[in-house]
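S.K.: Take this structure first; my questions come after.
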Amino acid sequence: MYKFIIISFTMLVLFSCKKDDENYSEIPEIEFVSLSPSTTSEFSQDIKLVISYKDGDGDIGTDDPDEYTLLIHDSRLPAADEYHIQPLTPPNSTIQIEGNLKINLAGLFVLGTDSTETTTFSVKLKDRAGNWSNSVTTSSIAVKK
């Protein structure tokens, strides 16, 4: 019985260990974190969007301010808005990175004739190698006249 307990305990310790150096994909991965506020009056305040990212080779962002690597699509509109992201790592580095991107969106406005509209945003991120991340959708936000 004693051997069984020792073997069981040893197996439990061995199989419960988690590998600390997780390898991330070279294709960026993003997750929605937050969107605030959940209700706003049109043109009254910036909207704060936070997404988390992981990238296996750290090539998120560019030096060229004319290159857009972040797409944010308001579900009420036909096309996405494009944004520039500065490099998140030094040039020519290939380190794994993870963190949060905090994005300020200009005050929203009502597009139609209703006094209130609700919308969500879809977000995608492109790295310097041209790899697009997964797309995430935010929680909804109500915009009032």
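S.K.: I'd like the orientation of helix 2-16 relative to the chain: the angle between its Cα long axis and the longest Cα principal axis, in ° from 0 to 90, rounded to 10.
M.R.: 30
S.K.: Which value at 222 nm does the chain reach when only helices count, each DSSP H run of 4 or more adding -39,500 (n - 2.57), with the total divided by all residues and rounded to the nearest 500 deg cm²/dmol? It would help to have the intermediate numbers written out before the result.
M.R.: Values: 1 runs with 15 residues, N = 145.
Roughly -3500 deg cm²/dmol at 222 nm, from the helical runs in the chain.
S.K.: Also, I was wondering about something else. Roughly speaking, what is the stretch gain from residue 81 to residue 43, that is 0.36 nm per residue apart minus the C-alpha to C-alpha distance, in nm to one decimal? Please list the in-between numbers first.
M.R.: On the way: separation 38, 0.36 × 38 = 13.68 nm, distance 1.72 nm.
Contour length minus the Cα-Cα distance gives 12.0 nm.
S.K.: Based on the alpha-carbon gyration tensor of the stretch 52-98 and its eigenvalue square roots a ≥ b ≥ c, which shape applies: rounded if a/c is under 1.5, prolate if not and a/b is larger than b/c, or oblate? Don't skip to the answer; put the middle values down first.
M.R.: Numbers: a/c = 4.39, a/b = 1.88, b/c = 2.33.
It is oblate, given that a/c is not under 1.5 and a/b is not larger than b/c.
S.K.: What's the tally of Lys pairs in the stretch 22-144 whose alpha-carbon atoms lie under 22 angstrom apart, where the two lysines are 8 or more places apart or on different chains?
M.R.: Pairs that pass both the separation and distance tests number 9.
S.K.: Something else: State the answer as a single residue: which of 65, 111, 131 lies farthest towards the positive end of the charge dipole of the chain, with beta carbon charges of +1 for Lys and Arg and -1 for Asp and Glu, about the Cα centre.
M.R.: Going by the Cα projections, it comes out as 111.
S.K.: With +1 on the Cβ of every Lys and Arg and -1 on the Cβ of every Asp and Glu, and nothing else charged, how large is the dipole of the chain about its Cα centre, in debye rounded to the nearest 20? Could you put the intermediate results ahead of the total?
M.R.: Details: 12 positive and 22 negative charges, 155 e Å.
Charge dipole of the chain: 740 debye, to the nearest 20.
S.K.: If you project the alpha carbons of the stretch 22-144 onto the principal axes, what extent comes out on each, in Å, largest first?
M.R.: 50, 31, 22
S.K.: Which residues in the stretch 31-65 place their backbone N less than 14 Å from a point set 7 Å from the Cα of residue 120 along the Cα-to-Cβ direction?
M.R.: Hits in the stretch 31-65 for residue 120 at 14 Å: 32-35.
Throughout, read-outs are computed from the coordinates displayed, never taken from laboratory work. Everything numeric here is computed off the predicted structure, so don't read it as measured data. We place every Cβ from the backbone using ideal geometry, glycine too, and count neighbours over all the protein chains shown.
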